[in-house]
Amino acid sequence: MIRATLVSVTPKNTTENYIPDLNKEDLVITKEDLESQLKDIDPAFLQGLIVRTTPNFEDKKSRDYMKVTPAFFSIDAMEYIVSLGVDHLLVDTPSVDRLLDDGRLSAHNIFWETKGKKFNPNTQNKTITEMIFVPSSLEDGAYLLNLQIPAFVSDAAPSRPIIYKINEL
């Protein structure tokens, strides 16, 4: 089990950084919002970070993301996530990067600390799980996470994340 924190954020227009440059219509998950949501979180529960974007409509599960541009993470936000020591990032967007980013995958490379897209053996056990759905009935806070990743030898594999609420003593 992985100790994880669930946070809800509303993507927005921002002046935070991204490569390639942001477009005026881009909605971004920002460092500013993550800092606000995570300021009082026990660092022990940042091994995993689950990011739910709002509004949180059920149509996220079947939305045509080529017609409805999805949110993604700013470079500042991803650098902040890395600075927190997050090993497992789960998001309800199709990618942590802009869908059309000229193949740069800026946020992915920051998360895995892959300079020049070169393999980094120190981060090979970190994971990003995209396209999750967290029902609105689940409150932000501390959870135990079971990722359920099959033993594929690949750079991508399906997962079946399950979270368990932790009751306070």
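The values are calculated or read from the model by the stated rules, or taken from the named source; none is laboratory data. Owing to the predicted nature of the structure, the values given are computational and were not obtained by experimental measurement. With ideal geometry, Cβ positions are generated from the backbone for all residues, glycine too; neighbour counts draw on all protein chains shown.
Results, tabulated for the structure shown:
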quantity: Qualifying residue in region 149-156 (condition: among the acidic types (Asp, Glu), surrounded by 15 or more Cβ atoms within 10 Å (Cβ to Cβ) and assigned to a loop (DSSP other than H, G, I, E, B)); calculated: no
quantity: Residue in region 58-79 that is modelled with the highest pLDDT, counting only those that are loosely packed, with under 10 Cβ neighbours inside 10 Å, in a loop (DSSP other than H, G, I, E, B) and not small (Gly, Ala, Ser); calculated: ASP64
quantity: Pairs where the first residue, in region 108-128, is aliphatic (A, V, I, L, M) and the second is part of a loop (DSSP other than H, G, I, E, B), C-beta under 8 Å, 6+ apart; calculated: ILE128/VAL96
quantity: Residue selected from region 1-19 under the condition in a loop (DSSP other than H, G, I, E, B) and touching a Leu at 6+ places or on another chain (Cβ under 9 Å), by the criterion surrounded by the fewest Cβ atoms within 10 Å (Cβ to Cβ); calculated: THR15
quantity: Qualifying residue in region 115-138 (condition: among the polar types (S, T, N, Q), touching a strand residue (DSSP E or B) at 6+ places or on another chain (Cβ under 8 Å), crowded, with 16+ Cβ neighbours inside 10 Å and more than 16 Å from ILE75 (Cβ to Cβ)); calculated: yes
quantity: Residue in region 50-64 that is farther than 14 Å from PHE133 by Cα and aliphatic (A, V, I, L, M) present; calculated: no
quantity: Close pairs from region 9-33: first more than 15 Å from ASP101 (Cβ to Cβ), partner basic (Lys, Arg) and assigned to a loop (DSSP other than H, G, I, E, B), Cβ under 9 Å, at least 6 apart; calculated: ASN13/LYS24
quantity: Yes/no for VAL86 being assigned to a loop (DSSP other than H, G, I, E, B), in contact (Cβ under 8 Å) with a residue 24 or more places away in the chain and in contact with a His (Cβ under 7 Å, 6 or more places away or on another chain); calculated: no
quantity: Number of positions in region 27-57 that are out of contact with any Pro (no Cβ under 9 Å at 6 or more places or on another chain) and hydrophobic (A, V, I, L, M, F, W, C); calculated: 9
